[in-house]
Amino acid sequence: MPYIAGVAVHRPQPTEEPSLEELAFAAASAALADAGLDREDIDGICLGASDQLDARAISSMHLAGPSGGCLRDEVKVADDGSVAFAAAVSRIEAGVSHRVLVVTWHQPGASDEMAALGVNPEPIYARPAGLHPWAAEAMVVQDFMRAAGLTVDDVDAWVAQAGCTGAPPGEWLAYPLRRSHLPPASRAAVALVLTAAPAAVGVRGLAWGADAAGVVDRGGVLGSLPGIATMAYRQAGLSSPAEVPVETTDRSAVRRAVAAVGLGLVDIAKAHQALEGGQLARLNSSGGLWQSNPVFAAGPECIARATQHVRRGASKAVAHASYGFAGQGNLVTVLGQVKSV
Amino acid sequence: MSDHPKRPAAIVGAATSRFRTRRDDVDLTELLLEGAVSALIDAGMTFADVDAVVLAQAPDPLHGIGHPEQTAAAALGLGGKPLVRVHTGGATGMSAGQAAWWLVTSGRFETVLVVGAERMGDNVHGAQKVLNEIWDPAYEALMPLNTIANCSLMTVRYMQRYGADEQDFAEIASRMRANGARNENAHLRIPVEPDEVLESPILTWPVRRSMSCPRSSGAAAAVIASADVTRRLAGPVAWIRGMAACTDTYFMGDRMRLEPVDEYIAMHALRRAGEAAYAMAGITDPCSQLDVAEPYIPFSSYEPMMLEALHFAPVGQAVARAREGAWETGGEVVVCPSGGVVCTNPISVTALVRLIEAAQQVRGRADGHQVDGARTAMATGAGGDAQIFGAAVLSDNPAN
């Protein structure tokens, strides 16, 4: 498996108004600098982008160049930024590329997220019934809360206790999901440099997969996440995930609990108690999406954070991205220290 | 650019729809299933044999569903299997094939299904309305640039520089339409004479309607598998000998470089993608080593530019070679025996259809448009504003 030689998360200052191109350029440049490489050294580019969120018909036309893709072997992956990471891993494992730059971004002002996501459901049956992706997310959350014995008051309390600064409390998005349960979207671009040559952080395990968009078709409240996590852990020889730093895309307050259970950190019957009792301090110690939520790039930011955990001394770290329609997609990667570098 | 993969992979099954303007009988997911099931049957496989799926879906406004991979996951029965959705505009199908090839040659998966579908005939505003929105909104979208105007600008430059004329492009279109008449899956199957092409309406001079691709709906799918899997299959396979891509900078005016000519019509990115794929496959003289080519040529006037970029002819000489019959059956390389993009253009999968057509030629399964004795073929994809390119070389032998 490849190595992570460079990472960067570029967050512009509130007073700055960078274009998407400037965002991507800044992140790519910073990741290359972190890896000690320049653009000429790169032989592959994997972009992770959503045309809807970028409000462009083929956003990579404009963004491939600033991301480092000028006269390079470039591909755009559109499921999620984290899946672009998986594509980059595979092309290095295949031996066709040796130094791949993954670049992904989110600019909340580029589009109205609620409207942009509204065209995602199937148009004949689901869309006329009002099945917005956030309504589907509420259905998943409700299933999980029922199984875990959680109430809306519990979730409200978590949000208040954590000092989360989302929307004001009270307004329903779709029961039992309040707007205040969602971390606000933020501007950022994330870039990762993957190499075939050893670096201080290695990709030790990687698995990903997609469940059906339909919530009732997923075979359980957690869908395929436990199996995906087990596969990644097995590749990495990780037997105790609860003992290493774990970074997850907690796209709503309940998603942190879903990840804790799905990733095997705690049993569902004890999730409530573990989260309230502070027994999961290694889960999103960075602050998760409440600290930074570049929606489409949030998964890669988790990978960047896990990389930093390993660089600071953790023997291993886990990054988990939940994406797609009501979290139908999951990617789990395990990063580890490389002693010989 | 790209290096040889660590292990070989081959296309072991492939299928396309019979393309037409609209497919009112099915929705997008049913169309995806049509392609996927047909390709799996061709391979002698079922969904249970598939380890991962790569979805080829290009601009979402053309098929009317945002992030269609979300809806497709259930239709394709993934149930937690890996999915990668690729979108590089018109190059999407080739990029998806390349991503699937990475997944297999990485050793991570043994069998990967690459599938996509298009229903752009449903778009009430017309494809060019959508495609106008791929351009820079401040400067170019207002001109208004679209893919036809983009081609016209390049064509005029080529005519001025190398002396080609409208008759040449009409002859090329007529040849492609004659080829398409032999392909039962092609969208446009009625041959047209060069005079008829020149009598068709001007879209953006010098590009006329009959020099241009249609709006097609349908699906395409291919099954890519490891060498271990091919040994268990009874059917013919097409080995992927080389696959590469190259993306150029966005603004056409910035694409001026010294080699081989300081011109954006040199299609530098296509040339680089082709050279990288040739290098992997050991192709040093395309015209003598390739039997068939399925380049992504959406307008007949692109043919000379693209064939020159792919080293089929010296710069400025592809039209003269066409007049000599170099790209026809019995010529140097048979170009677009399927009729090519001029006869069929379902954008999400147009480049995948090119890859499939090349594979079917090598597998001997191209039916009415089979080129006798075809053993080595190449295909390309093209996307954006003639900006994003992919190329592949296929062979009936893993290392001939």
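Computed from the coordinates by the stated procedures, all read-outs in this text should not be read as laboratory data. All of these numbers come straight from a predicted model, not from anything done at the bench. With ideal geometry, Cβ positions are generated from the backbone for all residues, glycine too; neighbour counts draw on all protein chains shown.
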Query - Lys, Arg +1 and Asp, Glu -1 on Cβ, resulting dipole of chain B about Cα centre, debye, nearest 20 - result: 680 debye
**Report entry** Residue (of A:Leu37, A:Pro241, A:Thr195) at the positive-pole extreme of chain A, dipole from beta-carbon charges
**Finding:** A:Pro241
Query - Extreme residue, positive dipole direction of chain B, given options B:Leu198, B:Ala117, B:Thr71 (C-beta unit charges) - result: B:Thr71
Requested in this report: Starting with the fewest neighbours, write out A:Glu122, B:Glu324 ranked by other beta-carbon atoms found within 10 Å of each beta-carbon.
Outcome: B:Glu324, A:Glu122
Query raised in the report: If you find the alpha carbon centre of the range B:245-269 and of the range B:325-390, how far apart are they in angstrom?
Result: 24 Å
Query raised in the report: By the scheme Lys and Arg +1, Asp and Glu -1, what is the net charge of all other residues having a beta-carbon under 14 Å from that of A:Ala86?
Result: 0
Query raised in the report: Any idea what diffusion coefficient the range B:1-79 gets from Stokes-Einstein, in µm²/s, Kirkwood Rh on alpha carbon pairs, 4 °C, 1.567 mPa s?
Result: 89 µm²/s
Query - Ratio of Rg to Rh over the range A:201-336 (Cα coordinates, Kirkwood Rh, two decimals) - result: 0.93
Requested in this report: Rounding to the nearest 20 debye, state how big the charge dipole of the range A:201-336 is about its Cα centre with +1 on each Lys and Arg Cβ and -1 on each Asp and Glu Cβ.
Outcome: 320 debye
Query raised in the report: When we measure straight from the Cα of B:Lys129, which aspartates and glutamates land under 14 angstrom away, once same-chain ones fewer than 8 places off are left out?
Result: B:Asp60, B:Glu140
Report summary line: Given the candidates A:Leu20, A:Gly118, A:Ala229, the one whose Cα lies deepest towards the positive end of the charge dipole of chain A, counting +1 at each Lys or Arg C-beta and -1 at each Asp or Glu C-beta, is A:Ala229
Query raised in the report: Quick one: putting +1 on the C-beta of Lys and Arg, -1 on the C-beta of Asp and Glu, what dipole do you get for the range B:125-266 around its Cα centre, in Debye to the nearest 20?
Result: 700 debye
Report summary line: The Rg/Rh figure for the range A:117-251, Cα atoms and Kirkwood Rh, to two decimals is 1.01
Requested in this report: Please work out the Cα center distance from the range A:65-129 to the range A:294-341, rounded to the nearest Å.
Outcome: 17 Å
Requested in this report: In whole angstrom, note down how far apart the Cα centers of the range B:37-100 and the range B:105-176 are.
Outcome: 22 Å
Requested in this report: Check cross-link reach from A:Lys76 to the lysines: straight Cα distance under 21 Å, and skip same-chain residues fewer than eight apart.
Outcome: B:Lys81
Report summary line: Note: chain B at 25 °C, 0.890 mPa s; Kirkwood Rh on alpha carbon pairs; Stokes-Einstein D in µm²/s works out to 120 µm²/s
Query raised in the report: To the nearest 10 degrees, how steep is helix B:347-363 against the longest Cα principal axis of chain B, on a 0 to 90 scale?
Result: 70 degrees
Query raised in the report: Using every alpha carbon pair in the protein assembly as shown, what percent of pairs falls into each 10 Å bin from 0 up to the bin containing the largest distance?
Result: 3, 16, 27, 26, 17, 8, 3, 1, 0
Report summary line: Cα pairs beyond 34 Å in chain A, in percent, come to 20 percent
Requested in this report: Counting residues in the range A:18-107 as N, plug N into 2.2 N^0.38 Å and put the Cα Rg over that result.
Outcome: 1.00
Query raised in the report: By a straight-distance test (C-alpha under 24 Å), which lysines pair with A:Lys316 as possible cross-link partners, with residues fewer than eight away in the same chain excluded?
Result: A:Lys339
